[in-house]
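Contents: one structure, followed by commentary.
We did not get these values from a lab; they are worked out from the coordinates using the rules stated. Bear in mind that the values here come from a model prediction, so they are computed numbers and not experimental data. Here the Cβ positions follow ideal geometry from the backbone for every residue, glycine too, while neighbour counts run over all protein chains shown.
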Amino acid sequence: MKAQTLKALLAARANRQAVALVTDLASGAERIVRRADTKNDPLAEQLDQAFRFDQSGTHEGQFVNIHNPPLRLIIIGAVHIAQAVIPMAEQAGYQVSVIDPRGAFATGTRFPGVELHADWPDEVIPKIGLDARTALIALTHDPKIDDPALNAALKSDLFYIGALGSKKTQSARQERLKAQGFSDDAIARIHGPIGLNIGAKGAPEIAISIMAEMTKALRLGG
């Protein structure tokens with residue numbers, strides 16, 4: 001690997017940018033392709049699939065080495081459903097952060113070993129950042145906490161946004177976001193009621209439905 005190639009890869013990693021190192025197996029020529037630029041690449045279809053599934057491999061005489069940033073999950077609300085989601089998310093490779101300004105909820109006793117932020121989402125999110133390898137789920141049912149997080153999420157390229165609540169709650173949420181200037185298409189990015197419709201009952205089953213829907217968005221899009 002050329003020194004300039006290594007430097008570019010390290011910079012991409014530091015900035016949480018998804019890139020592929022494409023090496024011609026015959027000539028040894030190297031090029032770096034950002035995920036955002038795959039549409040114009042000769043290997044566009046292969047690169048898209050490789051990025052989606054974190055899968056390096058050989059295509060048309062070129063070796064594609066995928067360098068995706070680690071997956072992250074930001075949970076708004078230190079609630080019981082969050083406690084059920086976290087171990088599943090961690091086993092799936094997510095770095096988890098929990099944000100909840102209610103100090104009585106966001107405690108190390110309730111969430112041992114988890115990155116906790118006992119502050120308001122609009123204070124924390126700008127510091128940790130949002131990107132295309134990050135998902136966000138809002139679980140508090142409290143508009144004062146959830147809405148600022150959803151506002152930031154809709155302005156980002158998160159691959160998944162989910163919000164807990166009934167259809168009635170989701171409808172009221174949509175009206176509030178419209179009043180903030182978001183279009184119907186933008187608001188439609190929010191998966192709400194959250195999770196795949198599998199008839200889930202109780203926190204563990206709801207957590208399964210959330211992780212399933214999040215995985216579908218990560219791997220298949222939408």
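Expressed in nm to one decimal, what extension gain is obtained for the pair D41 and T169 from 0.36 nm per residue of sequence separation less their Cα-Cα distance? Provide the component values of the computation, followed by the final result.
Numbers: separation 128, 0.36 × 128 = 46.08 nm, distance 4.29 nm.
The span from D41 to T169 would gain 41.8 nm if fully extended.
Can you sort T58, T107, T38 so the residue with the fewest Cβ neighbours within 10 Å comes first?
On the way: T58 11, T107 14, T38 19.
Final ranking by Cβ density, sparse to dense: T58, T107, T38.
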Residue-by-residue Karplus 3J(HN,Hα) for region 90-106, coefficients 6.51, -1.76, 1.60, Hz, glycine and proline x: 5, 5, 7, x, 8, 8, 9, 10, 10, 10, 7, x, 7, x, 5, 8, 7
Largest to smallest principal axis extent of the C-alpha atoms in region 180-222, angstrom: 35, 23, 12
DSSP-assigned coil residues among trypsin sites (Lys or Arg not before Pro) in region 73-167, each with at most 15 further Cβ atoms within 10 Å: R102, K155
Derived scalar couplings ³J(HN,Hα) [region 114-131; Karplus, 6.51 cos²θ - 1.76 cosθ + 1.60; whole Hz; x for Gly, Pro]: 9, 5, 10, 10, 8, 9, 6, x, 6, 8, 8, 4, x, 7, 8, x, 10, 8
Distance in nm between pseudo-label sites at T109 and A11 (7 Å out along the Cβ direction from Cα): 4.9 nm
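Roughly speaking, what % of Cα-Cα pairs in the chain are separated by over 22 Å, rounded to a whole number?
On the way: 13491 of 24531 pairs.
Roughly 55 percent, once rounded to a whole number.
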For the chain, with +1 on Lys and Arg beta carbons and -1 on Asp and Glu, the positive-most of I208, L71, P112 along the dipole: P112
Estimated D of region 3-67 in µm² per second, where Rh is the Kirkwood radius over Cα pairs and Stokes-Einstein applies at 4 °C, 1.567 mPa s: 110 µm²/s
Distant-in-sequence amide H partners of A135 (H built 1.01 Å from N, under 5 Å): R72, L73, I74
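Using only alpha carbon pairs under 8 Å that are at least six residues apart, calculate the relative contact order of region 36-180 and give it in whole percent. Show your work: numbers first, answer last.
Values: 207 pairs, mean separation 27.0, N = 145.
It comes to 19 percent, rounded to a whole number.
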Extension gain, S183 back to L196 (0.36 nm per residue minus Cα-Cα distance, nm): 2.3 nm
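Can you tell me the dipole magnitude for the chain around its Cα centre, using point charges on the Cβ only (Lys, Arg +1; Asp, Glu -1), in Debye to the nearest 20? Working shown, then result.
Details: 25 positive and 24 negative charges, 34 e Å.
Rounded to the nearest 20 debye, it is 160 debye.
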Estimated dipole of region 3-67 in Debye, rounded to 20 [Cβ of Lys and Arg +1, of Asp and Glu -1, Cα centre]: 380 debye
Between region 62-140 and region 175-210, the Cα center-to-center distance that results, in Å: 17 Å
Long-range HN-HN contacts of H191 with modeled amide H, under 5 Å: I161, G162, A163
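So for region 98-222, what are the equivalent ellipsoid semi-axes in whole Å, largest first, each being the square root of 5 times an eigenvalue of the Cα gyration tensor?
Over the Cα atoms of region 98-222, the ellipsoid semi-axes are 21, 19, 15 Å.
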Farthest toward positive dipole pole in region 3-67 [+1 Lys/Arg, -1 Asp/Glu at C-beta], among G28, S56, N15: N15
